[in-house]
1. Considering PRO17, PRO6, which residue is over 29 Å from GLU150 (Cα atoms) and modelled with pLDDT under 85?
2. Across segment 103-141, what is the total count of residues that are of a type in the set (S, T, N, Q) and over 17 Å from SER151 (Cβ atoms)?
3. If I filter segment 146-166 for residues that are aliphatic (A, V, I, L, M) and either surrounded by 16 or more Cβ atoms within 10 Å (Cβ to Cβ) or under 18 Å from the mean Cα position of the chain (by Cα) (or both), do I get at least one hit?
4. Would you say VAL94 is of a type outside the set (Phe, Trp, Tyr) and part of a helix (DSSP H, G or I)?
5. Quick one: how many residues across segment 110-136 are farther than 23 Å from GLY43 by Cβ, without any contact (Cβ under 8 Å) to a residue 24 or more places away in the chain and open to solvent by 80 Å² or more (accessible area, probe 1.4 Å)?
6. Any residue at all in segment 142-156 that is modelled with pLDDT of 95 or more, closer than 27 Å to SER45 by Cβ, in contact with a helix residue (DSSP H, G or I) (Cβ under 8 Å, 6 or more places away or on another chain) and of a type in the set (Gly, Ala, Ser)?
7. Just one of (1) in contact with a helix residue (DSSP H, G or I) (Cβ under 9 Å, 6 or more places away or on another chain); (2) at pLDDT 50 or above; (3) more than 14 Å from TYR114 (Cβ to Cβ); (4) open to solvent by 50 Å² or more (accessible area, probe 1.4 Å) trips up ARG31, so point out which.
8. Could you please find all residues in segment 40-61 being in contact (Cβ under 8 Å) with a residue 24 or more places away in the chain, assigned to a helix (DSSP H, G or I) and over 17 Å from the mean Cα position of the chain (by Cα)?
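The values are calculated or read from the model by the stated rules, or taken from the named source; none is laboratory data. What you are looking at is a predicted structure, and each value in this text was computed from that prediction instead of being measured. Cβ sites come from the backbone with ideal geometry, for glycine too, and all protein chains shown count toward neighbours. When the accessible area is computed, the model is the full protein with side chains, heavy atoms only, and any ligands, DNA or RNA have been set aside. Shrake-Rupley method; radii C 1.70, N 1.55, O 1.52, S 1.80 Å.
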Amino acid sequence: MAAPAPLDGLPASSSRPVSASTRTTASTTCRSWRTSPPWSARGASLGAFSVSRTTREGALRLDAAAHAQEHTPERPSIVNGSVAAAVRGEFGDVRFTGRTRGSELFVNPLMCLYFAFDLPGLAARCRYLDRIEDARLMRQVPSRIGEFGESVVTRPPRAFPHWAQCAGSQ
């Protein structure tokens, strides 16, 4: 199978876009990202872009999401559907599958924002890579990352400076 063509304007390299929703999930899983974000290290960041429904890439993203949902009707992806909803410009409690019945879903408009990285540069900064490289089961990865997170000393959380300024002006 041929590698997918790069999106217009992005360099063709070993980079893979990672959605904002994925990055957020990963950053809450791995405490080490709070102290030293790997995407900024050693020039591994290739930037960010958003996928709009009005672009070719947006239309292709929506087609891919519909194709995936059509071929997995018994268990459609909530994440895939949420990102597709954000690309369409929808946000809030958006319904696209019965799997979320009875719960409140929050589709964030930032879910159509993607971050691109040079994969070798990102992997070189990953401080727990040696702990997961021999994982054979999916459940081993988050548990090993969690164990690593427990061993890392992190600085105390602080508010962004602009939050303090906004709170003081009210």
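1. The unique qualifying residue is PRO6.
2. Summing the residues that are of a type in the set (S, T, N, Q) and over 17 Å from SER151 (Cβ atoms) in segment 103-141 gives 2.
3. No, there is no match, as no residue in segment 146-166 is aliphatic (A, V, I, L, M) and either surrounded by 16 or more Cβ atoms within 10 Å (Cβ to Cβ) or under 18 Å from the mean Cα position of the chain (by Cα) (or both).
4. no
5. Selection size over segment 110-136: 4.
6. yes
7. Looking at each condition in turn, ARG31 falls short on (2).
8. ALA41, ARG42, GLY43, ARG56, GLU57, listed by residue number.
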